[in-house]
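**Q** Dropping a structure here in C-alpha cells format, bear with me for questions.
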Amino acid sequence: MHARSWRAGVPRAAPQAPCSFGWVKYGLHIPNFGPFGSARVVADLAERAEASCWDGVFIWDHIVRREGDYDVVDPWVALSAAAVATTRVALGPLVTPLPRRRPWNVAKAAVSLDHLSEGRVVLGVGLGTPRGPEFQAFGEETDARVRGDMLDEALTIVRAAWSGKAVTFAGEHYRVDGVRFLPRPYRDRAIPIWAATESVQGRPVRRAAMLDGVFPFGIETARLPLLANAVSRARPGGPPFEIVGVSKKDDADVWEAAGATWWLRELPWGQPLEVSEALVADGPRR
C-alpha cells in the first residue's frame, strides 16, 4: 500500500537516503481546502514529503472559509489517507478547534489514526476563530472566554480517555458517565498535544505548558523567546517541550535561532497545486 502512487500521471519523488535528522524538525502545514481539498491530494503530498525528507505533515481543520466557496476535505479522512501512504512522518491536525468538536470523538479519532500510523500522531488543539462562518453559521459558541473553558474541559476528557480507565467527568460544558475508551494509544503511550496561542503570556501559554508543545500563531519570531521563557516558568523541570513555528517563506534558520524546535512550511492555498508540489520536492533546507 505504501508504494501506491496516489495521483495517476504524476511521477513520485525519488527518496533521499538516508534522511538527516537534526535538533530542529521540519514539516508541512497544509490547508484542507482549495487545491488541497481532497484526501488523495493530501496523501500524495505526504508521500512526496516523506520521500523528500520532511519530518511531519500537518493539516488545517476547517469546514467552510470566509473567503468563498472551496472544496474542503475532512482532516481526519485526509490524515488517514496520508498515514497509509507513509511510514515515517509525523501526522496530525494543526489545529483542531476542540470547542466545536465533541472531545470524545476527537479522542477516538486520534487513537484510531495513531494505530493506523503506528504511533506517529500529534494532536494540535486550539479555540478556533469566530471571525468566519464556522462558528456563527452553525450556532457554535463565539465568546473566547467560554471557548477557553470548553477547551480546558475537553482536554481533560481527551487525556483521560487515552488512559484506558473508565472516565467520569461533570463539567459546565461536557459530561461523561463512567465510559472506558479502548484501545489505548499505540504502544500505550499518550499522544503528544500541541496547543495554539496568539499570545506570549496568560491563559493560552499556561494551558500549552501543561501539554507537550506550543504552536504560536501570528507571533513574530522576535517574540518567540518571550513565549519560550513564559512556558519555562510555567513548567520548571518538565520534560522536553516543542515550540512549533510556521511560515509562508523560507526562513527556518530565523525560527531556529529564536528557539523553535519545529519549523513548518505553510503551503499556499491560493496558488496552483504544482507550486506546492515543487516546494515539497525541494525538501527542507537543513
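**Q** Name every residue in the range 240-258 that is more than 16 Å from T197 (Cα to Cα) and part of a loop (DSSP other than H, G, I, E, B), in order of residue number. Reasoning before the result, please.
**A** So the first thing to find is which residues in the range 240-258 are more than 16 Å from T197 (Cα to Cα), and the list is 240, 248-258.
The answer is P240, K248, K249, D250, D251.
**Q** One residue is enough: does the range 230-239 have a residue meeting the conditions under 22 Å from E153 (Cα atoms), in a helix (DSSP H, G or I) and free of Cβ contacts under 8 Å to residues at least 40 places away in the same chain?
**A** Checked the range 230-239: at least one residue is under 22 Å from E153 (Cα atoms), in a helix (DSSP H, G or I) and free of Cβ contacts under 8 Å to residues at least 40 places away in the same chain.
**Q** Looking for something over 22 Å from the mean Cα position of the chain (by Cα), aliphatic (A, V, I, L, M) and modelled with pLDDT under 95 - is there at least one such residue anywhere in the range 137-157?
**A** Looking through the range 137-157, at least one residue is over 22 Å from the mean Cα position of the chain (by Cα), aliphatic (A, V, I, L, M) and modelled with pLDDT under 95.
**Q** Also: How many residues are modelled with pLDDT under 95 and either of a type outside the set (S, T, Y) or closer than 19 Å to A260 by Cα (or both) when one looks only at the range 1-58?
**A** Of all residues in the range 1-58, those modelled with pLDDT under 95 come to 1-24.
Checking the rest, the ones that are also either of a type outside the set (S, T, Y) or closer than 19 Å to A260 by Cα (or both) come to 1-4, 6-24.
Of the residues in the range 1-58, 23 are modelled with pLDDT under 95 and either of a type outside the set (S, T, Y) or closer than 19 Å to A260 by Cα (or both).
**Q** Out of the range 156-167, which residues are touching a strand residue (DSSP E or B) at 6+ places or on another chain (Cβ under 7 Å) and among the aliphatic types (A, V, I, L, M)?
**A** I157, A160, A161, A166, V167, listed by residue number.
**Q** Six or more apart or on different chains, Cβ atoms under 8 Å: show the pairs whose first residue is in the range 49-77 and without any contact (Cβ under 8 Å) to a residue 40 or more places away in the chain and whose second is basic (K, R) and part of a loop (DSSP other than H, G, I, E, B).
**A** So the pair list comes out as E50/R88; A51/R12.
**Q** Can you tell me how many residues in the range 209-224 are surrounded by 14 or more Cβ atoms within 10 Å (Cβ to Cβ) and touching a residue at least 24 places away in the same chain (Cβ under 8 Å)?
**A** Going through the range 209-224 one residue at a time, the tally reaches 11.
**Q** Criterion first (more than 18 Å from R101 (Cα to Cα) and within 22 Å of the chain's Cα centre (by Cα)) does E198 satisfy it? Steps first, answer last, please.
**A** Details: more than 18 Å from R101 (Cα to Cα): yes; within 22 Å of the chain's Cα centre (by Cα): yes.
The answer is yes for E198.
**Q** What are the residue pairs meeting all of these: first residue in the range 259-286, first residue more than 23 Å from G124 (Cα to Cα), second residue not in a loop (DSSP other than H, G, I, E, B), Cβ atoms under 6 Å, and 6 or more apart or on different chains?
**A** Here the result reads L273/P35, each pair linking the range 259-286 to a residue that is not in a loop (DSSP other than H, G, I, E, B).
**Q** From G126, G68, G119, grab the single residue that is closer than 28 Å to R175 by Cβ and not basic (K, R). Please lay out each step first, then the result.
**A** Numbers: G68 fails: closer than 28 Å to R175 by Cβ; G119 fails: closer than 28 Å to R175 by Cβ.
Matching residue, one of G126, G68, G119: G126.
**Q** If I filter the range 81-98 down to residues being small (G, A, S) and surrounded by 23 or more Cβ atoms within 10 Å (Cβ to Cβ), which single residue comes out as nearest to the chain's Cα centre (by Cα)?
**A** So in the range 81-98, the residues small (G, A, S) come out as 81-83, 85, 90, 92.
Checking the rest, the ones that are also surrounded by 23 or more Cβ atoms within 10 Å (Cβ to Cβ) come to 82-83, 85, 92.
Values: A82: 13, A83: 14, A85: 18, G92: 4 Å.
The residue in question is G92.
The values are calculated or read from the model by the stated rules, or taken from the named source; none is laboratory data. Because the structure is predicted, anything quoted here is derived from the model rather than measured. Don't worry about glycine lacking a Cβ; one is built from the backbone with ideal geometry, like all the others, and counts go over all protein chains shown.
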